[in-house]
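Enquirer: Here's a structure for you.
The values are calculated or read from the model by the stated rules, or taken from the named source; none is laboratory data. Not measured: the values here are computed from a predicted model. Don't worry about glycine lacking a Cβ; one is built from the backbone with ideal geometry, like all the others, and counts go over all protein chains shown. These area figures cover heavy atoms from the full protein model, side chains too; ligands, DNA and RNA do not enter into them. Shrake-Rupley method; radii C 1.70, N 1.55, O 1.52, S 1.80 Å.
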Amino acid sequence: MDSALSHPLIRGFADPGRALGSGDIVIVGAGLAGLFTALRLAPLPVTVVAAAPLGEGASSVWAQGGIAAAVGEGDTPEQHAADTIAAGDGLVDPNVARVVAEEAPARIADLLQYGVPFDRDLAGHLVLSREAAHSARRVVRVAGDRAGAAIMQALIAAVRATPSIRVLENYEALDLILDAGSGAGARCAGVRLIRRDAAGAGTFDFMPASAVVLATGGASALYAVTTNPVYACGEALAFAARAGAVISDAEFVQFHPTAIDAGIDPAPLASEALRGEGATLINRSGERFLLRLHPDGELGPRDIVARGVFSEIASGGGAFLDCRTAIGARFPQAFPTVYAHCRAAGIDPVTQPIPVAPAAHYHMGGVATDLSGRTSLEGLWAVGEVAATGLHGANRLASNSLLEAVVLGARVAADIARLVAPDRARPVAKTYRVQEERALDGAYRDYLLARLRQTMSQHVGVVRNGRDLARAVAVLREIGVEAVGDRSLVNMALAAEIIAGSALLRPESRGAHFRSDFAEPIEALRQRSAVTLDTIRSVSTAAPAGGGAPVAVASFVAELSL
């Protein structure tokens with residue numbers, strides 16, 4: 001069995017020879033990863049749990065750049081894998097990068113069959129863009145910057161037309177239900193759900209399942225400045241960890257360097273494709289400041305570009321994306337989504353540089369899985385941004401996220417289909433009403449959530465240090481206690497604590513994780529991290545004098561070297 005993670009905390013993934021129980025396959029999340037997995041599972045009965053109406057709550061809809069795949073003349077999967085490995089700053093699993101790059105063209109073909117209208121030239125060839133840290137033009141796109149929306153529109157139509165797929169909209173997962181059983185340990189037996197009304201109150205249900213697939217997306221909405229929708233708040237990290245699943249690489253949060261800085265929440269994104277077309281980053285003096293930091297300038301790795309933009313803003317120089325020369329009058333037609341965002345913010349990108357700032361954008365970490373999406377918890381799979389497969393390492397290569405969703409979605413579906421006994425697949429699962437919890441006062445909940453997001457942006461952001469991270473862990477634990485009675489907010493606080501605690505446990509700088517108190521990478525730490533809930537809860541919040549790492553780091557580093 002392919003394994004994307006070698007670490008002593010992993011107890012072993014699900015036994016591939018063990019058949020699943022009876023009941024529906026439940027997919028939690030209705031973005032690209034969830035819908036593609038559901039379609040690939042047909043005609044097996046599947047229930048998709050969606051926190052919002054289809055197409056309204058998924059980060060996939062907002063993806064502008066496209067999908068990376070070696071489908072152009074002269075490009076190869078080997079080159080794509082090499083670029084992925086180079087961008088990941090030493091932590092990409094080479095086998096995972098190879099498999100994903102090799103299977104990419106076939107998944108592009110699948111999407112074409114589902115009706116995705118990828119851009120083509122007059123000869124009928126796919127139009128390919130180049131994005132940061134890619135060595136070739138290999139990003140397949142739709143209408144310049146509408147790839148995510150177009151892909152989701154096509155998949156939603158396909159899901160609606162597939163009788164074996166049932167969609168429960170406006171249901172949010174709060175917890176996994178475990179069944180200890182009589183075998184070698186607990187297994188995931190279902191999901192606890194809440195369905196909220198217009199006032200924010202909710203009714204609670206339990207959905208039993210033969211298999212549960214987490215496809216809930218990322219965690220960047222835990223930050224005050226983010227490009228993600230409100231639903232990308234990392235709750236699945238919390239309830240998966242609480243159920244005993246291993247979480248990997250949680251410290252690595254990618255900050256997109258060019259969110260439009262207009263005071264809008266979530267921050268609109270100025271796509272990386274703009275820089276691929278020649279747009280430059282300048283300060284108020286008109287200087288291309290990225291050339292001081294990397295020979296590729298604006299097309300350097302995202303972590304370097306994000307820190308460069310962050311530093312330029314912090315020094316008072318400001319940061320602006322200048323599209324006037326490279327794109328100019330073509331802007332409205334070439335990049336209609338970004339153009340609309342700019343005009344809504346009172347900016348004309350044809351004639352004005354766009355003010356930009358880094359924003360939390362993508363979480364490289366997540367629930368640890370193998371190349372079939374299996375987690376360390378029997379009966380539980382994860383796919384998409386919520387999963388940590390080893391593809392992204394410390395710094396995701398641009399446009400590999402949508403690719404990972406479809407490649408691993410197909411693999412998760414194939415794996416589950418092998419384990420499901422056809423005579424035990426029921427047509428639908430039922431929800432069963434369970435006890436309701438006490439709700440927090442709305443104003444107090446808003447205060448706690450704002451405090452959580454501000455803590456993450458201030459202390460677990462682009463540039464970090466031990467003292468700030470220790471402070472963040474302490475504050476997030478306090479919020480988790482104060483939020484008791486609101487399981488959703490408790491989950492958010494725990495997910496944020498996992499990210500902050502994992503960052504505190506890595507006393508080095510690598511990829512998107514930059515520590516000003518440990519500014520260089522350490523060779524002994526050039527391994528992926530893995531934590532359990534017990535690991536995070538053992539992290540001390542009392543940083544020693546001098547701003548160093550807490551005592552817990554020593555044992556963590558020792559584990560990494562095993």
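Enquirer: Just checking, how many residues over region 270-311 are in a loop (DSSP other than H, G, I, E, B), buried (at least 18 other Cβ atoms within 10 Å of the Cβ) and polar (S, T, N, Q)?
Expert: So the count comes out to 2.
Enquirer: Across region 329-366, what is the total count of residues that are open to solvent by less than 20 Å² (accessible area, probe 1.4 Å) and either of a type in the set (K, R) or touching a Leu at 6+ places or on another chain (Cβ under 6 Å) (or both)?
Expert: Residues meeting the conditions: 2.
Enquirer: Just to be sure, is F252 under 29 Å from S529 (Cα atoms), surrounded by 22 or more Cβ atoms within 10 Å (Cβ to Cβ), among the hydrophobic types (A, V, I, L, M, F, W, C) and out of contact with any Ser or Thr (no Cβ under 8 Å at 6 or more places or on another chain)?
Expert: yes
Enquirer: Taking the conditions exactly as written (surrounded by 14 or more Cβ atoms within 10 Å (Cβ to Cβ), in contact with a Leu (Cβ under 7 Å, 6 or more places away or on another chain) and either closer than 16 Å to G278 by Cβ or not small (G, A, S) (or both)), does R137 satisfy them or not?
Expert: In short, yes.
Enquirer: Within region 314-328, work out how many residues are open to solvent by less than 30 Å² (accessible area, probe 1.4 Å) and part of a helix (DSSP H, G or I).
Expert: Selection size over region 314-328: 1.
Enquirer: Kindly evaluate M456 against the criterion of being under 18 Å from D265 (Cβ atoms) and open to solvent by less than 10 Å² (accessible area, probe 1.4 Å).
Expert: yes
Enquirer: Taking the condition of being in a helix (DSSP H, G or I), out of contact with any Phe, Trp or Tyr (no Cβ under 8 Å at 6 or more places or on another chain) and not basic (K, R), how many residues in region 23-54 meet it?
Expert: Going through region 23-54 one residue at a time, the tally reaches 8.
Enquirer: For the condition open to solvent by less than 50 Å² (accessible area, probe 1.4 Å), touching a residue at least 40 places away in the same chain (Cβ under 8 Å) and within 30 Å of H294 (Cβ to Cβ), what is the one hit in A158, A87, A186?
Expert: A87
Enquirer: Residue pairs, Cβ under 7 Å, 6 or more apart or interchain, first in region 482-498 and under 11 Å from L452 (Cβ atoms) and in a loop (DSSP other than H, G, I, E, B), second aliphatic (A, V, I, L, M) and open to solvent by less than 20 Å² (accessible area, probe 1.4 Å). List them.
Expert: Listed pairs, sorted by first residue: A483/L448; A483/L489; A483/A493.
Enquirer: Which residues, counting only those in region 57-84, are open to solvent by 30 Å² or more (accessible area, probe 1.4 Å) and modelled with pLDDT of 95 or more?
Expert: Within region 57-84, V71, T76, P77, E78, Q79, A82 meet the criteria.
Enquirer: Before we move on, is I260 of a type outside the set (G, A, S), crowded, with 24+ Cβ neighbours inside 10 Å and under 18 Å from the mean Cα position of the chain (by Cα)?
Expert: No; evaluated as a whole, the condition is false for this residue.
Enquirer: A further question follows. When region 499-535 is examined, which residues are found to be over 16 Å from H363 (Cα atoms), in contact (Cβ under 8 Å) with a residue 24 or more places away in the chain and either among the β-branched types (V, I, T) or not in a loop (DSSP other than H, G, I, E, B) (or both)?
Expert: L504, R515, F518, A524, L525, T532, L533, T535
Enquirer: Can you pull out the residues in region 143-165 that are outside any loop (DSSP other than H, G, I, E, B) and either at positive phi or not small (G, A, S) (or both)?
Expert: I151, M152, Q153, L155, I156, V159, R160, I165 - these are the residues of region 143-165 that are outside any loop (DSSP other than H, G, I, E, B) and either at positive phi or not small (G, A, S) (or both).
Enquirer: Next question, about the same structure. Does F204 fit the bill of being assigned to a helix (DSSP H, G or I) and either in contact with a Cys (Cβ under 7 Å, 6 or more places away or on another chain) or not aliphatic (A, V, I, L, M) (or both)?
Expert: For F204, the condition - assigned to a helix (DSSP H, G or I) and either in contact with a Cys (Cβ under 7 Å, 6 or more places away or on another chain) or not aliphatic (A, V, I, L, M) (or both) - is not met.
Enquirer: Restricted to region 373-415, and to residues that are of a type outside the set (D, E) and surrounded by fewer than 24 Cβ atoms within 10 Å (Cβ to Cβ), which residue is nearest to the chain's Cα centre (by Cα)?
Expert: Selected residue: A410.
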